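Before any comments, here is the structure.
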Amino acid sequence: MADPIHQFEIKTLVPLANIGPADISITNSAAFMIATTVIIIGFLLLSTTSRAMVPGRLQSVAEMSYEFVANTIQSTAGREGMRFFPLVFSLFTFILVANLIGMIPGAFTVTSHIIITVALALLVFATVVIYGFWKNGFKFFKLFVPSGVPIYILPLIVMIEVMSFLSRPVSHSVRLFANMLAGHITLKVFASFIVMLSGFGFAGWLGAALPLALVVALTALEFLVAFLQAYVFTILTCIYLNDAIHPGH
Amino acid sequence: MAETTAHTEVPGGHKGVFPPFNKETFPTQLTWLGITFILLYVMMAKVALPRIGSILEERRGHIDGAIAEAERFKRDSEAAVAAYEKALAEARGKAHAIAGATRDKLNAEADERRKAIEAQLAEKLAAAETTIADTKAKAMANVEAIATEAASAIVEKLIGKTPSSDAVRAAVADATRGGRA
């Protein structure tokens, strides 16, 4: 059976000099990150060059993605959240396009590596903490003190709030990472069942029909997950940013 | 340095380490994530999003302008309709007034003319009546003279002598008066 983990291996494509002990060679992961970025920038710039009053299909897609993210921010973090619009838009498009590129058979899924999702989640976390303190000063701590809580259970509540706040980047990153990783492993496992069973002659072909149907269904599901996880990451980002903008519950 | 075969792992990569947890691949991934994401962020923040935003803004402005213009046209047309109806009502009123005045004037003229004609007619009638009365009186006098002549002629034929004209006239007058009575 083909190794379902093999698809996540990082391979060096263009070896570059090390910076200190760290290796910054162009790997397959780096190539797919570059492709993701180039596709997003290229698409958004090319589709809007005509600045048509009545948009064509591609310009419509660009405008829809703009309005989709803008509405998501405004409905969760209010109008002030639009300050973070470029960040949220970059996160959403980067994760979405990386996830979708990963659906191409043989392609590498950038977001299936926890270091990437952790880095993105920590970027959001750092933004929330820095902007929260910069804008609200010590009022930012009101985030941990819900109003209307009796004083004798307040220490407990504050402790829970602090814990949940600190664990945010963990859940934020692991959710995306685990979804992409598990989805691709499942697809690979069921797909290798097809190959394995069809090696057993006619009866094996019949048996292979079941995993084939499953792989087809799972592929559709994975496309949904690819979009959904990008959206979930985005909306959680907006909710966390909302805490930084309006720390009082 | 790294080998270049297809299945080469990152230098020093351990077989059996789950790739997402292989710490040796972290520096390159973080480096390239940093490079690509910062590039993406800058391009989004400085070029793509302002451009799309301005396109949407422009369109919204265009649509709002078109709607405002349409509303202005609608108001204009409504005003025009109102003005037209007012003018129509005024014209109708004026037409009524003119028609009434004309009718009154014509009636007055007709009345005057009728009165003049009636007066003329009355005059002519009176003159005619006088003429008739004269003629009648004259005729009556002639009748008496003819009757007297006829009577005297009849009497001459009957008795062979001419009666006195006075006697005949008296007799005729008597007879005609008696006959009339």
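The values are calculated or read from the model by the stated rules, or taken from the named source; none is laboratory data. This structure is a prediction, so every number in the text was calculated from the model and none was measured. Every residue, glycine as well, gets a Cβ built from its backbone with ideal geometry; the counts of neighbours run over all protein chains shown. Calculation scope for accessible area: heavy atoms of the full protein, side chains included, ligands and nucleic acids excluded. Shrake-Rupley method; radii C 1.70, N 1.55, O 1.52, S 1.80 Å.
The set of residues in segment A:69-80 being within 13 Å of chain B (Cβ to nearest Cβ) and either over 18 Å from A:T36 (Cβ atoms) or hydroxyl-bearing (S, T, Y) (or both) consists of A:A70, A:N71, A:I73.
If only one of A:F108, A:F133, A:F138 is modelled with pLDDT of 90 or more and farther than 30 Å from A:M180 by Cα, which one is it? That would be A:F133, the only listed residue that is modelled with pLDDT of 90 or more and farther than 30 Å from A:M180 by Cα. Quick check on segment A:142-150. Is at least one of its residues open to solvent by less than 40 Å² (accessible area, probe 1.4 Å) and among the hydroxyl-bearing types (S, T, Y)? No: zero hits. In this structure, is B:T130 polar (S, T, N, Q), at pLDDT 85 or above, open to solvent by less than 100 Å² (accessible area, probe 1.4 Å) and over 60 Å from the mean Cα position of the chain (by Cα)? Spelling it out, it is not the case that B:T130 is polar (S, T, N, Q), at pLDDT 85 or above, open to solvent by less than 100 Å² (accessible area, probe 1.4 Å) and over 60 Å from the mean Cα position of the chain (by Cα). Exactly one residue among B:L30, B:L56 is under 20 Å from A:V124 (Cα atoms), within 8 Å of chain A (Cβ to nearest Cβ) and not basic (K, R), and that residue is B:L30.
Among the numbered criteria (1) at pLDDT 85 or above; (2) crowded, with 19+ Cβ neighbours inside 10 Å; (3) in contact with a strand residue (DSSP E or B) (Cβ under 6 Å, 6 or more places away or on another chain), which one does A:Q59 miss? For A:Q59, the failing item is (3).
Considering only residues in segment A:33-56 that are crowded, with 19+ Cβ neighbours inside 10 Å and not hydrophobic (A, V, I, L, M, F, W, C), the one that is modelled with the lowest pLDDT turns out to be A:P55.
Looking only at residues in segment A:68-84 that are open to solvent by 40 Å² or more (accessible area, probe 1.4 Å) and over 19 Å from the mean Cα position of the chain (by Cα), the one that is nearest to A:N136 (Cα to Cα) is A:E80.
Please go through segment A:116-127 and pick out each residue that is within 10 Å of chain B (Cβ to nearest Cβ) and open to solvent by less than 20 Å² (accessible area, probe 1.4 Å). First the steps, then the outcome.
Just the residues of segment A:116-127 that are within 10 Å of chain B (Cβ to nearest Cβ), to begin with: A:116-120, A:123.
If the condition is that a residue be within 10 Å of chain B (Cβ to nearest Cβ) and open to solvent by less than 20 Å² (accessible area, probe 1.4 Å), then A:I116, A:T117, A:L120 are the ones that fit.
For segment A:81-90, does any single residue satisfy the condition of being in a loop (DSSP other than H, G, I, E, B) and either modelled with pLDDT of 95 or more or facing chain B (nearest Cβ under 8 Å) (or both)? No, segment A:81-90 contains no residue that is in a loop (DSSP other than H, G, I, E, B) and either modelled with pLDDT of 95 or more or facing chain B (nearest Cβ under 8 Å) (or both).
Yes/no per residue for (1) open to solvent by 100 Å² or more (accessible area, probe 1.4 Å); (2) in a helix (DSSP H, G or I); (3) farther than 30 Å from A:M53 by Cβ; (4) small (G, A, S):
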residue: B:D76; (1), (2), (3), (4): no, yes, no, no
residue: B:A80; (1), (2), (3), (4): no, yes, yes, yes
residue: B:H96; (1), (2), (3), (4): yes, yes, yes, no
residue: B:G100; (1), (2), (3), (4): no, yes, yes, yes
residue: B:D134; (1), (2), (3), (4): no, yes, yes, no
residue: B:A145; (1), (2), (3), (4): no, yes, yes, yes
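Check segment A:183-196 and report whether any residue there is in a helix (DSSP H, G or I), open to solvent by less than 50 Å² (accessible area, probe 1.4 Å), closer than 30 Å to A:G81 by Cα and in contact (Cβ under 8 Å) with a residue 60 or more places away in the chain. No, segment A:183-196 contains no residue that is in a helix (DSSP H, G or I), open to solvent by less than 50 Å² (accessible area, probe 1.4 Å), closer than 30 Å to A:G81 by Cα and in contact (Cβ under 8 Å) with a residue 60 or more places away in the chain.
Taken residue by residue, segment A:10-26 has no member that is assigned to a helix (DSSP H, G or I) and either modelled with pLDDT of 90 or more or within 10 Å of chain B (Cβ to nearest Cβ) (or both). The single residue among B:P11, B:P20 that is within 7 Å of chain A (Cβ to nearest Cβ) and either in a helix (DSSP H, G or I) or modelled with pLDDT of 95 or more (or both) turns out to be B:P20.
Please verify whether segment B:108-118 includes one or more residues that are of a type in the set (V, I, T), surrounded by fewer than 10 Cβ atoms within 10 Å (Cβ to Cβ) and part of a helix (DSSP H, G or I). Steps first, answer last, please.
Restricting attention to segment B:108-118, the residues satisfying the condition of being of a type in the set (V, I, T) are B:117.
Going one step further and asking which of them are surrounded by fewer than 10 Cβ atoms within 10 Å (Cβ to Cβ), we end up with none.
No, there is no match, as no residue in segment B:108-118 is of a type in the set (V, I, T), surrounded by fewer than 10 Cβ atoms within 10 Å (Cβ to Cβ) and part of a helix (DSSP H, G or I).
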